[in-house]
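The values are calculated or read from the model by the stated rules, or taken from the named source; none is laboratory data. For clarity, every value in this text was computed on a predicted model and none was experimentally measured. The protein model used for the area step is the full one, side chains on, heavy atoms only, and it has no ligands, DNA or RNA in it. Shrake-Rupley method; radii C 1.70, N 1.55, O 1.52, S 1.80 Å.
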Amino acid sequence: MKKVILLLLVFQYGFSQCDKIENTYDEMKDVRTIKTPYKSRINAVSGTYKLNGFLDAIKITKKEQTSSYIVFTGYGSASNYNSKGLYIKLDNGEILRFEDIKVDSKYSSSGMYTYTACLDFDKAISLKINENKILQFTLSNTEFKVKDKDAAEFLTYFNCILKM
């Protein structure tokens with residue numbers, strides 16, 4: 001009986017989280033954008049400096065063509081100009097390596113740099129990520145650890161977006 005109640009709570013929690021997904025349609029451009037809620041961006045932390053990082057999942061449909069991305073964002077003190085490399089560690093121990101993905105680096109007004117990498121995911125990648133939490137990611141040479149609670153929340157959002 002306890003297992004049934006637990007499954008119902010998890011099932012209900014997943015659906016209530018899906019209600020938070022941002023789903024917008026631009027009629028002029030005929031573009032639908034589905035993404036993780038901005039107010040619930042998943043936090044990650046880098047090293048002793050507590051540099052924040054974020055995970056966002058986005059699905060864009062334009063003229064019946066759909067593109068899906070996970071956007072990895074982090075902050076650091078060096079420019080990392082023209083760098084490459086996105087590395088993702090999953091909770092099953094697997095490390096996904098995307099050494100050719102460009103990591104954009106932009107200076108922000110706070111004296112820090114913003115690093116961004118977009119992973120265009122296909123069915124094979126989505127199958128790995130939809131079953132495993134992202135524990136950490138590295139943008140170029142800066143590592144960000146994802147808190148377990150935030151990793152679980154992102155996994156829920158990611159699966160919601162895959163179903164939409």
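Brief remarks on what is shown
- Carbon-plus-sulfur accessible fraction, the stretch 101-164 (probe radius 1.4 Å, protein heavy atoms only): 52%.
- Nonlocal amide H pairs with Asn132, under 5 Å, H built at 1.01 Å: none
- Given Lys63/Lys149; Lys63/Lys147; Lys123/Lys147; Lys84/Lys128; Lys59/Lys145, the pairs whose alpha carbons are separated by over 32 Å: Lys63/Lys149; Lys63/Lys147
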